[in-house]
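Worksheet: the structure to be examined is printed underneath.
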Amino acid sequence: MKRKAYDGVYNRYIKRGIDFCLALIGLVIAAIPMAIVAIAIKAESKGPVIFKQDRIGYKGKVYKMYKFRSMCVGAEKGGVYSDNKDSRVTKVGKFIRATSIDELPQLLNVLKGDMTFVGPRPEMIKNVKEYTEELPEFEYRLRMKAGLTGYAQIRGKYNTTPKDKLIMDMMYIEQ
């Protein structure tokens, strides 16, 4: 079997170095806006500023993914999927979701090496199991680190089916 670019020197060293440097620069540039968001979240509701959730990444490794908390505390108990009409989303949450500011703490995941800038979007553990039962090829996405953004998002397809997401991710992985 032919080795893919994600298995070689590029992914291990060069891409990792670029990710590390860009994440560090991004965190420095975003430090003040992130502090403002943190203060706004704390002022609006009690609870943690950062939402942490287990996700499955490269080679099936489970890691904690970080996001700014955009919902009331304990909201994930009422179901995991949400949109802006969801009453569990806070006022600050609506803004940070609409502007994707809620994703900025994932720069820490990139800095730590759990994620990369572009790759298959990280999935919740239960979704990977569910989608893999439906589409066994879905597990193929775990051959790369999860990305802060995915090929589907780059192409403007935010709300898509697991099958379409898989197709987009496979297109990116195979490049």
Unmet criterion (only one of (1) at pLDDT 90 or above; (2) open to solvent by less than 30 Å² (accessible area, probe 1.4 Å); (3) out of contact with any Asp or Glu (no Cβ under 6 Å at 6 or more places or on another chain)) for Q53 = (2)
request  = Write out, first by first residue and then by second, each pair whose Cβ atoms fall under 9 Å of each other, whose residues are 6+ apart or on separate chains, and whose first residue, in the range 16-38, is in a helix (DSSP H, G or I) while the second is of a type in the set (D, E).
outcome  = V37/D102
task = Please work out which residue is most open to solvent (accessible area, probe 1.4 Å), limiting yourself to the range 56-79 and to residues that are on the phi < 0 side of the Ramachandran plot and assigned to a helix (DSSP H, G or I).
result = K77
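Matching residues to (1) open to solvent by less than 50 Å² (accessible area, probe 1.4 Å); (2) closer than 16 Å to M34 by Cα; (3) without any contact (Cβ under 8 Å) to a residue 24 or more places away in the chain:
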residue: I101; (1), (2), (3): yes, yes, no
residue: L104; (1), (2), (3): yes, yes, no
residue: M124; (1), (2), (3): yes, no, no
residue: E133; (1), (2), (3): no, no, yes
residue: E137; (1), (2), (3): no, no, no
residue: L142; (1), (2), (3): yes, no, no
residue: T149; (1), (2), (3): yes, no, no
inquiry  = Testing L111 on (1) closer than 18 Å to K61 by Cα; (2) part of a helix (DSSP H, G or I); (3) within 13 Å of the chain's Cα centre (by Cα); (4) not hydroxyl-bearing (S, T, Y), one condition comes back false. Which one is that?
reply    = (3)
key: Within the range 80-99, considering residues that are of a type in the set (A, V, I, L, M) and open to solvent by less than 20 Å² (accessible area, probe 1.4 Å), the one modelled with the highest pLDDT   = I96
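The values are calculated or read from the model by the stated rules, or taken from the named source; none is laboratory data. Computed from a predicted structure; not experimentally measured. All Cβ positions, glycine included, derive from the backbone under ideal geometry; neighbour counts span all protein chains shown. The area values use the complete protein model at the heavy-atom level, side chains included, leaving out ligands, DNA and RNA. Shrake-Rupley method; radii C 1.70, N 1.55, O 1.52, S 1.80 Å.
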